[in-house]
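Notes to accompany the following structure.
Derivation of every value follows stated rules applied to the coordinates shown; laboratory data play no part. Source: prediction; values computed, not measured. When we count neighbours, we look across all protein chains shown, and the Cβ atoms used for this are built from the backbone with ideal geometry, even at glycine.
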Protein chains: 2
Amino acid sequence: MNYSIALVPGDGIGPDVVAQAVDVLDAVADKYGHVFNYVELEAGGCAIDATGEPLPAETLEAAKQCDAVLLGAVGGPKWETLPGHLRPERALLGLRAGLGVYANLRPAALLPQLREACPIKDEVLRASNPKGEASFDLLIVRELTGGLYFGERGRSPDGSSAFDTETYSRSEIERVLRVGYRSAAVRRKKLCVVDKANVLESSRLWREVAAEVAKDYPDIETTYMYVDNCAMQLVRAPGQFDVIVTSNLFGDILSDEASVLTGSIGMLASASLGDSPEEEPKAGSSGGAKASGKRVTMGLYEPIHGSAPDIAGQDIANPLATILSAAMLLRYSFGLETEARAIESAVTATLDAGYRTRDIASRNGSAGAVNAAAGSTGAVGTANAAR
Amino acid sequence: MNYSIALVPGDGIGPDVVAQAVDVLDAVADKYGHVFNYVELEAGGCAIDATGEPLPAETLEAAKQCDAVLLGAVGGPKWETLPGHLRPERALLGLRAGLGVYANLRPAALLPQLREACPIKDEVLRASNPKGEASFDLLIVRELTGGLYFGERGRSPDGSSAFDTETYSRSEIERVLRVGYRSAAVRRKKLCVVDKANVLESSRLWREVAAEVAKDYPDIETTYMYVDNCAMQLVRAPGQFDVIVTSNLFGDILSDEASVLTGSIGMLASASLGDSPEEEPKAGSSGGAKASGKRVTMGLYEPIHGSAPDIAGQDIANPLATILSAAMLLRYSFGLETEARAIESAVTATLDAGYRTRDIASRNGSAGAVNAAAGSTGAVGTANAAR
Ligand SMILES: [Mg+2]
Ligand SMILES: [Mg+2]
């Protein structure tokens with residue numbers, strides 16, 4: 001099948017890691033008989049330098065024409081003194097809004113090879129892991145375009161008080177829950193809704209909608225947890241979780257907490273998804289099946305790490321978070337589960353072979369070598385063959 | 001000096017642990033020449049059974065006449081089916097509101113004796129500890145009566161959406177910050193304001209007020225951190241924190257996260273404070289200096305653990321969280337810093353001597369013995385003499 005992928009390398013190490021992910025995608029294309037057409041676009045600081053705007057209209061327009069977007073990182077000290085609307089980070093907000101993505105997927109898995117980097121004791125991890133292993137593998141699905149971060153806000157007329165509003169509609173809650181259920185269906189079939197329903201009205205609406213949506217996924221176990229308890233449980237028993245679905249604010253806090261539990265932020269991928277063609281299109285939503293008839297889900301994929309301009313261009317940045325983001329792209333936008341797992345297995349094989357960038361250890365400091373190991377047709381093929 | 005202390009034992013293990021804290025307070029009174037007059041009051045499930053109400057008016061009235069309140073725990077399965085306004089937990093909300101307390105102090109310290117219970121690896125703890133020790137000692141000051149938990153909330157007329165409002169006034173922010181600064185002054189003189197000022201208007205007001213209030217405490221270092229980052233930093237480098245001051249919602253999440261880092265919820269005390277007589281009284285605030293002329297700060301002190309009815313009355317509940325709450329009572333309500341430290345040292349000495357209730361280890365299963373060691377005049381005296 002032919003797919004078009006927008007590449008938005010961005011700033012700092014962004015171009016380094018995106019280039020390496022493209023090598024891996026090319027290896028996948030070769031092995032599995034796909035054609036990936038890349039459209040390279042500018043956004044972030046480099047776009048400010050070139051056009052005066054963090055997200056030029058042409059970038060957004062071209063990205064929307066593609067099947068999915070792979071982004072490196074944006075920003076850096078060079079642009080930090082610019083006014084808010086001209087910051088590189090605005091490009092991210094603009095891309096999310098423009099692409100109609102509303103569900104942010106943040107996997108946090110502790111790979112056995114990187115167990116030493118995890119701040120949690122092995123015996124604590126083992127106690128909650130269903131297989132008794134010192135690892136965990138959870139996915140936080142964070143609502144991305146609603147809630148307290150996008151509600152009405154302001155000051156009282158005399159300036160003596162300030163307010164922000166958490167608002168959620170049934171449709172906003174339903175669509176992100178469905179992303180969570182679809183994710184759980186290809187994982188361990190457990191979904192935990194995290195809220196503060198003992199206090200918040202919006203949380204009570206989340207529970208009402210979840211109770212309805214859950215009926216459509218009878219083979220997935222739905223549970224509920226308060227956010228303060230979840231902040232505890234992530235530390236004391238992370239192995240209990242499969243998929244967590246939660247609001248924008250709670251997801252922001254919990255996904256960052258979960259990421260540090262892995263000890264390896266340089267390894268962590270993310271996806272931001274819009275509507276899926278498998279679902280009935282809903283009023284007011286965008287995305288869905290393309291005119292071409294292909295069943296793709298628009299998504300924006302990026303590593304959670306920043307642009308790290310101090311190490312840009314030196315072949316030392318860890319490419320694995322971006323390579324794993326490319327795997328998510330194949331899984332969630334194109335439905336290519338086998339190909340996604342081939343990349344993930346290749347990453348595992350690369351770590352098993354001892355390759356490390358310096359952020360996760362020190363045996364082979366070359367990101368290129370790590371990438372070569374993960375991305376070579378052989379590695380992807382071998383890893384896949386072993387499955 | 002004469003002080004009156006309201007005792008609200010409550011339900012389950014509440015009476016067990018409050019009785020043991022009273023033994024320790026009596027030992028302190030003997031040694032330091034104070035008189036503590038106790039007024040025992042009913043609240044929670046036992047009050048429902050006796051009067052039909054979780055917080056009888058006489059309980060609140062009598063508590064307000066005292067200098068401070070020590071509470072055990074309320075609630076239990078027996079009362080869980082009652083309607084919301086008749087639940088034992090309403091007694092807590094009613095006491096907080098009635099006593100005018102607005103700052104919830106949650107210490108989270110990892111005692112070296114309980115290091116094994118901590119889920120975090122020793123080397124991670126050492127890396128952020130100023131002395132290189134595998135421990136941490138932080139205090140979260142949570143705003144308790146404002147923010148998202150008390151703002152306007154509701155549904156849209158058609159029921160399709162729900163909202164909650166985070167609102168903070170300058171005076172609400174200022175008074176809780178001042179509690180934080182006063183706490184930091186008798187600790188390591190570091191205060192971190194945690195918010196989401198890159199997004200929320202209420203958080204920006206917090207920062208404005210903090211910048212003003214900080215000027216009154218020039219010897220205390222003030223820093224700012226976003227809540228999502230703080231959720232990470234608590235796990236990866238808890239030793240960097242002294243006092244954290246934050247909103248009701250963020251404090252709820254972060255204090256629970258911090259508590260699990262200690263690995264010993266049975267050890268954790270809390271205080272809820274109102275205005276201090278050291279501060280100018282502010283419009284609309286309650287509390288402050290009593291008519292007697294004594295300089296006391298009204299406070300509600302309680303362990304963070306629950307009522308654990310399954311182990312009530314068996315002399316196995318860990319009394320140390322309540323004993324440490326009594327130490328906080330002496331420090332924050334009566335300004336008896338030496339006496340508070342004597343109790344804390346006695347608790348340390350008790351653990352050093354190997355006494356444990358079964359929730360934190362297993363060498364001596366008797367809460368009475370733990371208490372006897374902590375509370376005997378000798379232990380308090382010895383611990384104090386050693387300082
Ligand atoms: Mg974040
Ligand atoms: Mg809580």
Kirkwood Rh for the stretch B:30-69 from C-alpha pairs, in Å, is 11.4 Å
With the convex hull built on the alpha-carbon atoms of the stretch B:99-199, volume per residue in Å³ sits at 197 Å³
Note on chain A: contact order normalised by length, alpha-carbon pairs under 8 Å, 6 or more apart, percent, works out to 21 percent
Of A:368, A:313, A:251, the most mobile residue in a GNM of chain A (C-alpha springs, cutoff 10 Å) is A:313
Under the 7 Å Cα-to-Cβ spin-label approximation, residue A:338 and residue B:207 lie apart by a distance in nanometres of 5.1 nm
Placing +1 on each Lys and Arg Cβ and -1 on each Asp and Glu Cβ in the protein assembly as shown, then taking the dipole about the Cα centre, the residue among A:342, A:70, B:22 whose Cα reaches farthest towards the positive end is A:342
Only helices counted: for chain A, with every DSSP H run of 4 or more residues adding -39500 (n - 2.57) and the sum spread over all residues, [θ] at 222 nm is -12000 deg cm²/dmol
Restricted to the stretch A:119-262, the DSSP antiparallel beta bridge percent, nearest 5, is 20 percent
With the label set 7 Å along Cα→Cβ, residue B:33 is separated from its counterparts in the other copies, in nm and shortest first, by 9.5
Log10 I(q)/I(0) at q = 0.14, 0.15, 0.16, 0.20 Å⁻¹ for the stretch A:119-262, from Debye over equal alpha-carbon scatterers, is -0.67, -0.75, -0.84, -1.19
Candidates B:90, B:358, B:155; GNM for chain B (alpha-carbon contacts under 10 Å) flags as most fluctuating B:155
Taking r as the C-beta separation of residue B:82 and residue A:348 and R0 as 45 Å, the FRET efficiency to the nearest 0.05 is 0.30
One checks the Cα atoms of the stretch B:144-217 and finds Rg and Dmax, in Å, of 15.4, 53
Once normalised by the length of the stretch A:119-262, the mean sequence separation of its alpha carbon contacts under 8 Å that are 6 or more apart gives a contact order in percent of 37 percent
Taking every DSSP bridge whose two residues both lie in chain B, the antiparallel percent to the nearest 5 is 40 percent
homo-copy label distances at residue A:86 (7 angstrom along Cα-Cβ), nm, one dp, ascending, are 6.5
In Å, the C-alpha Rg and Dmax of the protein assembly as shown are 27.7, 87
Here the alpha-carbon Rg of the stretch A:62-117 over 2.2 N^0.38 Å rounds to 1.56
Zone reached by a paramagnetic label modelled 7 Å from residue A:158 Cα along Cα→Cβ, restricted to the stretch B:157-181 with backbone N below 12 Å, covers B:170-171
DSSP beta bridges in the protein assembly as shown: the antiparallel percent, rounded to 5, is 45 percent
One decimal, nm, nearest first: from residue B:2 to the same residue in each other copy, label points 7 Å out along Cα→Cβ, the values are 9.4
In debye to the nearest 20, the charge dipole size for the stretch B:19-74, taken about the Cα centre with +1 at each Lys and Arg Cβ and -1 at each Asp and Glu Cβ, equals 200 debye
Cα-based Rg/(2.2 N^0.38 Å) for the stretch B:1-99, rounded to two decimals, is 1.12
Quick note on A:328, A:232, ordering by fewest other C-beta atoms within 10 Å, gives A:232, A:328
For the stretch B:113-217, the dipole about the Cα centre with charges only on Cβ (Lys and Arg +1, Asp and Glu -1), to the nearest 20 debye, works out at 500 debye
Computed about the Cα centre, the charge dipole of chain A from +1 Lys/Arg and -1 Asp/Glu charges at the Cβ has a magnitude in debye, to the nearest 20, of 840 debye
One quarter of the C-alpha convex hull surface, i.e. the mean projected area of chain A in nm², amounts to 19.9 nm²
